[in-house]
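Input: a single structure, listed below in structure tokens.
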Amino acid sequence: MPELPEVEVVRRGLERWVSGRVIAHAEVLHPRAIRRHVPGAEEFSSRLKGRTIGSAERRGKYLWLPLDGSDAILAHLGMSGQLLVVEPGSAPERHLRVRIGFTDGGPDLRFVDQRTFGHVLVTAMAHSGGRPVPEPITHIAADPFEEHFDEDLFGRRLRARQTEVKRALLDQSLISGVGNIYADEALWRARLHGARPTGALTRPKIAELLGAAREVMAAALSEGGTSFDSLYVNVNGESGYFDRSLAVYGRRDEPCPRCGAPIIRESFMNRSSYSCPRCQPRPRRAGA
DNA sequence: CCTTTCACCTGTATGC
DNA sequence: TGCATACAGGTGAAAG
């Protein structure tokens, strides 16, 4: 379940191992993996052949590899997607979807995705949120680590929403990069229940929540995004997400690290929410 | 226009 | 043992 910190680790790995190299061939092994590439698999392959990859970029959970010219390879890992850097002759992974080989004979870039929620495509660039981004993600808001992230704008738009605060945190058109895990962690740090209505949040509380989101994701990143000298440990050695910075997620019945009350799990939007019933009391009704 | 729900996927864990 | 069910949950289309 890659969220911003996990995707940033992948971006750094791509920067280290793929940027600057020339594509020799690209092969699509599962059509669903390129379902957002409208011209289809053949065009995907022919368009990539001979292209040089630039510096890896990211917004929220999307990452892209600019190509010489004015387009880019855009990728989203979905729930189970991985971008692996592996020896070109090595056996195909069980869920290998796209394979990109290089003219230097060095390691392949492979998109492996068990559940095929992720996807890869080649697209033109556009402009959004103060910088160039691939055209299909112009509706994705800046993430809180971007230089041009507008904190006042975020606060105004959040308070204007007629919804609950956790829904808003997960809305990638309002703030990007936050998924279910770090949403729960940020809410815990800010002592907010996810069902609190956005309209009733004070500006200081919103600033606290945003700061909490930044802190927990930065902590996760510092655990997972250290050195990239070793290909296999840092680029491919997933370890999933970064457990040690998690206070509530997946910890039902364990003591709250702050007050000791047992963490509870609630069902929400067809998924799990974890919180401390004492630090984060559920609002009684709208406005609480 | 804004908000909510649902389909898309498959491996793993759990219950009967 | 085998079968059925729940669960993991990000995204965008569809529905409300």
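The values are calculated or read from the model by the stated rules, or taken from the named source; none is laboratory data. Note that this is a predicted model, so its numbers are computed, not measured. Positions of Cβ are backbone-derived with ideal geometry, glycine not excepted, and every protein chain shown enters the neighbour counts.
If I filter segment A:51-70 for residues that are more than 16 Å from DNA strand C (Cβ to nearest atom) and farther than 30 Å from A:Ser173 by Cα, do I get at least one hit? Before the answer, list the steps.
Taking segment A:51-70 as the starting set, the residues that turn out to be more than 16 Å from DNA strand C (Cβ to nearest atom) are A:51-56, A:65-70.
This time we only want the ones that are farther than 30 Å from A:Ser173 by Cα, so: A:51-52.
Within segment A:51-70, one or more residues are more than 16 Å from DNA strand C (Cβ to nearest atom) and farther than 30 Å from A:Ser173 by Cα.
Close Cβ contacts (under 6 Å, 6 or more residues apart or on different chains) running from residues in segment A:76-96 that are in the same structural domain as A:Arg115 (by TED's automatic domain parsing) and outside any loop (DSSP other than H, G, I, E, B) to residues that are within 12 Å of DNA strand B (Cβ to nearest atom) and of a type in the set (A, V, I, L, M, F, W, C) comprise A:Gln82/A:Val112; A:Leu84/A:Val112; A:Leu96/A:Val112. All of A:Asp143, A:Asp68 fail the test of being at pLDDT 95 or above, more than 18 Å from A:Arg11 (Cβ to Cβ) and not hydroxyl-bearing (Ser, Thr, Tyr), apart from A:Asp68.
Considering each residue of segment A:23-39, count those that are among the aliphatic types (A, V, I, L, M), at pLDDT 95 or above and over 19 Å from A:Pro66 (Cβ atoms), and give that number.
Of the residues in segment A:23-39, 3 are among the aliphatic types (A, V, I, L, M), at pLDDT 95 or above and over 19 Å from A:Pro66 (Cβ atoms).
For segment A:137-176, a residue qualifies if it is surrounded by fewer than 18 Cβ atoms within 10 Å (Cβ to Cβ), part of a helix (DSSP H, G or I) and either outside the structural domain of A:Gly199 (by TED's automatic domain parsing) or away from DNA strand C (no atom under 14 Å from the Cβ) (or both), and the qualifying residues are A:Glu151, A:Asp152, A:Leu153, A:Arg156, A:Arg157, A:Arg159, A:Ala160. Might you check whether a residue that is within 16 Å of DNA strand B (Cβ to nearest atom) and more than 17 Å from A:Arg115 (Cβ to Cβ) occurs anywhere in segment A:8-20? No, segment A:8-20 contains no residue that is within 16 Å of DNA strand B (Cβ to nearest atom) and more than 17 Å from A:Arg115 (Cβ to Cβ). When segment A:139-158 is limited to residues that are touching a helix residue (DSSP H, G or I) at 6+ places or on another chain (Cβ under 6 Å) and over 17 Å from A:Leu63 (Cβ atoms), the one that is nearest to DNA strand B (Cβ to nearest atom) turns out to be A:Leu158.
Among the residues of segment A:123-136, those that are in a strand (DSSP E or B) and in contact (Cβ under 8 Å) with a residue 12 or more places away in the chain comprise A:Thr123, A:Ala124, A:Met125, A:Ala126, A:Ser128, A:Arg131, A:Val133, A:Pro134. For segment A:196-209, a residue qualifies if it is modelled with pLDDT of 95 or more and of a type in the set (A, V, I, L, M), and the qualifying residues are A:Leu201, A:Ile206, A:Ala207, A:Leu209. Residues that are part of a loop (DSSP other than H, G, I, E, B) and either buried (at least 19 other Cβ atoms within 10 Å of the Cβ) or away from DNA strand C (no atom under 16 Å from the Cβ) (or both) within segment A:97-116 comprise A:Thr103, A:Asp104, A:Gly105, A:Gly106, A:Pro107, listed in sequence order.
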